[in-house]
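Colleague: I'd like to ask you about the structure that follows.
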Amino acid sequence: MNTTTADAPIAGSRTLRVSFHLGMTLVMAAFVFAGFGMTYWFPMATGTLRPAPPVVHVHGWVYSAWMLLLVTQAAVVNARNVALHRSLGAFGIALATAVLFMGLTITLLGLRGGMSRAVQSPDFFDAMYLSYMAILGFAILFTLAMRQTRRPEAHRQLILFSVLPLLPPGINRFYMVPFHLPTIPVLPLYLTLDAMALAILFHEWRKSGRIGAFSMVGAGWLVLQQGLHVPVVHSAWFFEFCQQVAGLVRYR
């Protein structure tokens, strides 16, 4: 019996296959939208969101738009539409710049409003440290990713690693809201980030038999951030630095 016709794919048909990079961006987006969904999107949709300055809403929309673009770009590559991916690249650079600007703005405003309550908020400096490292980590790794556009594998790896520093706010809410945690769950946060980083490294090793230098840089940033977290947060100079920066912020 001839089964060639039955078993072979129909000419011109496409099989939907989710690549690793698309799957990873979906996981990242799931943490962000689940975490902020509980504290921002759902309350806003139901009219229970507490009043907030306009900059908070701008930050939320920019951050969400970046995550949607991340998934879109991965999906476009997954569909092998490289031309569209490149066309969206210029918009991606502009949006990434907005992410950095809004991240810095929210961090500075958080300093201004939080320093006076820092004694009553035991995780205030944890939040500030994560904010600083998010800005630095994303800026450095995303810049490296843009410089490696002619090396697709390195570019894709760096893009994934550049997003990891941005995820803590969403991941923290993902754990804090359902379990009613009073402070940032630093250990679960880093374990979650580590799991994603290890998955990225393992995929590269399984695919190519090695781990590239840029992936090591991305993973190295995460290791550096974790290693410095406790010493920096509990240091006198970090308190003084936050206090000095807070004194420069003016917002009405």
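Colleague: Can you check what the net charge comes to around residue 175, using other residues whose Cβ is under 14 Å from the Cβ of residue 175 (Lys, Arg +1; Asp, Glu -1)?
Modeller: -1
Colleague: Then there's this: Could you report the chain's accessible area per residue, 1.4 Å probe, as an integer in Å²?
Modeller: Per residue, the chain has an accessible area of 58 Å².
Colleague: On a 1.4 Å probe surface of the protein chains, which of 202, 20 comes out largest in accessible area, and what is the full order?
Modeller: 202, 20
Colleague: On the Cα set of region 89-172, report Rg and Dmax in Å, please.
Modeller: 14.9, 50
Colleague: Another question, if that's okay. Suppose R0 equals 25 Å. What FRET efficiency, 1/(1 + (r/R0)^6) with r the Cβ-Cβ distance, do residue 80 and residue 195 give to the nearest 0.05?
Modeller: It comes to 0.30.
Colleague: Enter the Cα centre distance for the pair region 32-60 and region 125-187, rounded to the nearest angstrom.
Modeller: 20 Å
Colleague: Computed from these coordinates, which is Cα Rg over 2.2 N^0.38 Å: [x] 1.14; [y] 1.80; [z] 0.93?
Modeller: The listed entry that was calculated here is [x].
Colleague: Length gain on complete extension for the stretch residue 121 to residue 97, per 0.36 nm per residue less the alpha carbon to alpha carbon distance?
Modeller: Computed gain between residue 121 and residue 97 is 5.6 nm.
Colleague: Provide the net charge surrounding residue 158, with neighbours chosen by a C-beta distance below 14 Å and charges set as Lys +1, Arg +1, Asp -1, Glu -1.
Modeller: Charge balance in the 14 Å sphere: +2.
Colleague: GNM, the chain, Cα, under 10 Å: largest mean-square fluctuation among 198, 104, 69?
Modeller: Evaluated over the chain, the most mobile residue of the options is 198.
Colleague: If packing is taken as the average number of other Cβ atoms within 10 Å across a peptide's residues, how do 157-165, 41-49, 130-138, 59-67 rank, most packed first?
Modeller: Taking the mean over residues of other Cβ atoms within 10 Å, the ranking is 157-165, 130-138, 59-67, 41-49.
Colleague: Could you tell me whether region 31-72 comes out rounded, prolate or oblate from its Cα gyration tensor? Rule is a ≥ b ≥ c as square roots of the eigenvalues, rounded for a/c under 1.5, then prolate if a/b exceeds b/c, otherwise oblate.
Modeller: In terms of gyration-tensor shape, oblate.
Colleague: Turning to a different aspect of this structure: Can you work out the FRET efficiency for the pair residue 112 and residue 147, with r the C-beta to C-beta distance and R0 = 41 Å, to the nearest 0.05?
Modeller: FRET efficiency, residue 112 to residue 147: 0.75.
Colleague: Please give me the summed charge of the neighbours of residue 186: other residues whose Cβ is under 11 Å from its Cβ, Lys and Arg +1, Asp and Glu -1.
Modeller: Computed value for this residue: -2.
Colleague: Okay, next question. Express the carbon and sulfur contribution to the solvent-accessible surface of the chain as a percent, rounded to the nearest whole number, probe 1.4 angstrom.
Modeller: 68 percent
Colleague: Relative contact order of the chain: what whole-number percent is it, with Cα pairs under 8 angstrom and at least 6 residues apart?
Modeller: Across the chain, relative contact order equals 24 percent.
The values are calculated or read from the model by the stated rules, or taken from the named source; none is laboratory data. Everything quoted here is computed from the prediction, not taken from an experiment. In this analysis, Cβ positions are derived from the backbone assuming ideal geometry, glycine residues included, and neighbour counts consider all displayed protein chains. Side chains are part of the model used for accessible areas, which takes the heavy atoms of the whole protein and leaves out ligands, DNA and RNA. Shrake-Rupley method; radii C 1.70, N 1.55, O 1.52, S 1.80 Å.
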